[in-house]
Amino acid sequence: MGAGPAVHKIMKDFEGKVKLVVKHYPYQYRDFSHIAAEAAMAANDQGKFWEMHSLMLKKSPQLEKKSLIKYAQDLGLDVKKFTDSIETKKYSGIIERDKKLAKSMDLYNTPTFFINGRMVVGNRSYEYLRRIVEEELKNAKK
Amino acid sequence: MQRSSAPLIAPETRPYFCVVFFVACISFILISGVVFAGTLEPIKPSPAPIDNPQTDEKIELGKKLFFDRRLSGDGTMSCATCHIPEQAFADGQDISMSYPTTKNWRNSPTLINSGYRKFLFYDGRAQSLEEQALFPVMSAFEMNRNLDFVEEVIRGVPEYVADFKKVFNAEPDRKKMAMALASFQRSLVSKNAPLDRYLKGDKRALSKDAIKGLIIFTGKAKCADCHYGATLSDDKFYALNLPENTDFKDDAGIAATRRFVAKISGFKEYRDLNEDPGRYLVTKNKKDWKAFRTSSLREVSKTAPYMHNGIFKTLDEVIDFFDRGGGEGNKSLKPLDLSSEEKQYLKIFLVEALTGEDIVIKLPQIP
């Protein structure tokens, strides 16, 4: 399930008030975590980041290239474009940059949220995130 | 299990309830099976075992180990990953975080006041913090670290070698690591909770509504039958027949963890197990099937979600569960028939009286 549903609902309920920035942090000891991050970005190019994100969480650990291409097909993506993107590691620069950022912040767990600087480690419910977002919005108005 | 009304020794009511308590004691002797409520007590410093006295240096060493990710197999987790200082040393999740690629199966309890507990973990498989400390380190779904290996890792860090020499006059080993971790945990004690001030005689420490809640807590709601003493827990085990958390019913990762724990606990039918047997896995005693330790109620406002499987997200849900008389078929509880007003007072007591000051600790420099 992952963080997707709760984050989606936050973005919907606080539309125009909250900006979402996603950073990648593929787990260092999983063989397919890097290519999965590439796949998420390749799907993002075609407007289906979260769909791919959710599907990969559901199908994990089947995340090798062949499976990812099948998922792209299932999501109705342009498979050639998607495959080119993951084969050329189009987003490796961005993914490496994000990893470097996470390490510089001494982060080790995913997902980790920063809500106006407040760190929340681990998957959270909508209610949990909503409470913090509301507090931060209130603080921002002061 | 039949229970009498709960006596309370509170400042303005002490003489009256002393009498009730005496009567209840007599009843207990005469009528087998009758349980009476205990009294609430102010918190004191956690008692330390004779062979592991508290010292500042040992607490500091334990704190370093507590925050050190070297204690996990892949270097991503420390004790603080699931016992977060800002979350009252719990983690705020229904089911606790887990070692990457695995799933935990129970809620992360607060460590505050853990030094008082006679049993640690929801199933009480450890009887001291020293015994408890290394379980999560070696648990496959928590920190997943081999203890022989971690001893060598810690021995390879000169700062730790110096610290262990200073604290124990010995080299680092698993036993001393556990002792230091236990000392740090034992230092986490509720601070200046309104209930403590009230029990020590400050009648203004609780609001009128909280006092009404306290009377319900110790009376009609019978909470103090099991939640008494300094931690508000009797350290006993009850099968309240909580529902399984449906959010995780079909979670293959949690099912694997459940079967694994049952398997290493010697439960023969572990492959077919689809619920949490609780204390039974420790004792193999039929009466302990799905029984879990009475939780402390101190700092309860900061430690949601509640129960061993995080099934209740709010105190209202918890109060409703007990008001209904617990889960289907349980023999420990009976319906309470509380009014909505009484439930509100009860909640006010739980939130207002039992919440101490935040424990703010200076994060250690990890060597």
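Checking the stated criteria, B:Gly115 turns out to be more than 13 Å from chain A (Cβ to nearest Cβ) and not aromatic (Phe, Trp, Tyr).
Considering every residue within segment A:81-97, establish whether at least one is closer than 30 Å to B:Met143 by Cβ, free of Cβ contacts under 8 Å to residues at least 40 places away in the same chain and open to solvent by 80 Å² or more (accessible area, probe 1.4 Å). Yes: segment A:81-97 contains one or more residues that are closer than 30 Å to B:Met143 by Cβ, free of Cβ contacts under 8 Å to residues at least 40 places away in the same chain and open to solvent by 80 Å² or more (accessible area, probe 1.4 Å). What are the residues in segment B:67-87 that are surrounded by 23 or more Cβ atoms within 10 Å (Cβ to Cβ), more than 7 Å from chain A (Cβ to nearest Cβ) and in a helix (DSSP H, G or I), if any? Within segment B:67-87, B:Leu71, B:Cys79, B:Cys82 qualify. The C-beta contact set for segment A:102-130 (first residue within 11 Å of another protein chain (Cβ to nearest Cβ) and on the phi > 0 side of the Ramachandran plot, second residue of a type in the set (Asp, Glu) and surrounded by 12 or more Cβ atoms within 10 Å (Cβ to Cβ), distance under 9 angstrom, 6+ apart or interchain) comprises A:Gly122/B:Asp91. Report whether or not B:Thr102 is more than 14 Å from chain A (Cβ to nearest Cβ), under 26 Å from the mean Cα position of the chain (by Cα) and not aliphatic (A, V, I, L, M). Judged against the criteria, B:Thr102 is not a match. Among the candidates B:Ser187, B:Ser183, the residue that is hydroxyl-bearing (Ser, Thr, Tyr) and open to solvent by 10 Å² or more (accessible area, probe 1.4 Å) is uniquely B:Ser187.
For segment B:36-66, which residues satisfy the criterion of being surrounded by fewer than 19 Cβ atoms within 10 Å (Cβ to Cβ) and either of a type in the set (Ser, Thr, Tyr) or within 14 Å of chain A (Cβ to nearest Cβ) (or both)? B:Thr39, B:Thr55 - these are the residues of segment B:36-66 that are surrounded by fewer than 19 Cβ atoms within 10 Å (Cβ to Cβ) and either of a type in the set (Ser, Thr, Tyr) or within 14 Å of chain A (Cβ to nearest Cβ) (or both).
Within segment A:23-55, the residues that satisfy the criterion of being within 14 Å of chain B (Cβ to nearest Cβ) and of a type outside the set (S, T, N, Q) are A:Tyr25, A:Pro26, A:Tyr27, A:Tyr29, A:Arg30, A:Asp31, A:Phe32, A:Ala36.
Of all the criteria given as (1) buried (at least 22 other Cβ atoms within 10 Å of the Cβ); (2) touching a residue at least 60 places away in the same chain (Cβ under 8 Å), the one not satisfied by B:Asn144 is (1).
The values are calculated or read from the model by the stated rules, or taken from the named source; none is laboratory data. What you are looking at is a predicted structure, and each value in this text was computed from that prediction instead of being measured. Here Cβ is always computed from backbone atoms with ideal geometry, including for glycine, and neighbour counts include all displayed protein chains. All accessible areas refer to the heavy atoms of the entire protein, side chains included, with ligands and DNA or RNA removed. Shrake-Rupley method; radii C 1.70, N 1.55, O 1.52, S 1.80 Å.
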